[in-house]
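See structure below.
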């Protein structure tokens, strides 16, 4: 939560001045690897838990970005999703650097930290719940005009387990160890932003130390 709190503080303080560029919009994502998520459940899960992985997932949410300058930006993302017996919700903060740019397109790479919670349910309604810290890295390309931008990115992330809770159907919930679990994934994410994507014009340097009232004194 510390990284998210620091980002919110930075967003608030920067918003008091004129932002370089900014945008807010909906995002959609999916995991492409592993084919069945997660890679491995904890070894402490009873053998009767018959969850063999989600084969298709969709995540939806919101993403806000604020450019500090031409080279870097901050972001805040929140979402939920899942598929096939798996549900997930999260929030994360990120920092990204611009790798290359031209008039309307640029590429960025960055890292993110956050928190989330997920659950896995088998056909007999046995339930495994997970609280985790989110570690994320991403590479994105964004095309922008004055008031909108379109972004597509590749991300790799890991859900670092903080707590596992197992509840058999009709039974009592117990906390179990997360040893042996693997929650890494690679996926794709697309976002449409609405905001201001026109970089500020560079201020020209004034020549001379006196006032220039329309240039009427030049040439005399």
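Candidates are the residues of the stretch 87-105 that are out of contact with any helix residue (DSSP H, G or I) (no Cβ under 6 Å at 6 or more places or on another chain) and surrounded by 21 or more Cβ atoms within 10 Å (Cβ to Cβ); the one that is farthest from residue 28 (Cα to Cα) is 96. Residues that are closer than 17 Å to residue 137 by Cα and more than 13 Å from the chain's Cα centre (by Cα) within the stretch 49-78 comprise just one, 72. Within the group 113, 188, which residue is under 25 Å from residue 77 (Cβ atoms), surrounded by fewer than 15 Cβ atoms within 10 Å (Cβ to Cβ), touching a residue at least 40 places away in the same chain (Cβ under 8 Å) and under 12 Å from the mean Cα position of the chain (by Cα)? That would be 188, the only listed residue that is under 25 Å from residue 77 (Cβ atoms), surrounded by fewer than 15 Cβ atoms within 10 Å (Cβ to Cβ), touching a residue at least 40 places away in the same chain (Cβ under 8 Å) and under 12 Å from the mean Cα position of the chain (by Cα).
Taking the stretch 77-95 as the range and being farther than 18 Å from residue 67 by Cα and assigned to a strand (DSSP E or B) as the test, the residues that pass are 78, 79, 80, 81, 82, 83, 86, 87, 88, 89, 90, 91.
Any read-out appearing in this document is the output of simple, stated calculations on the displayed coordinates, not a laboratory observation. No experiment lies behind these values; they were computed from the predicted model shown. Counting neighbours? That spans all protein chains shown, and the Cβs are built from the backbone with ideal geometry, glycine included.
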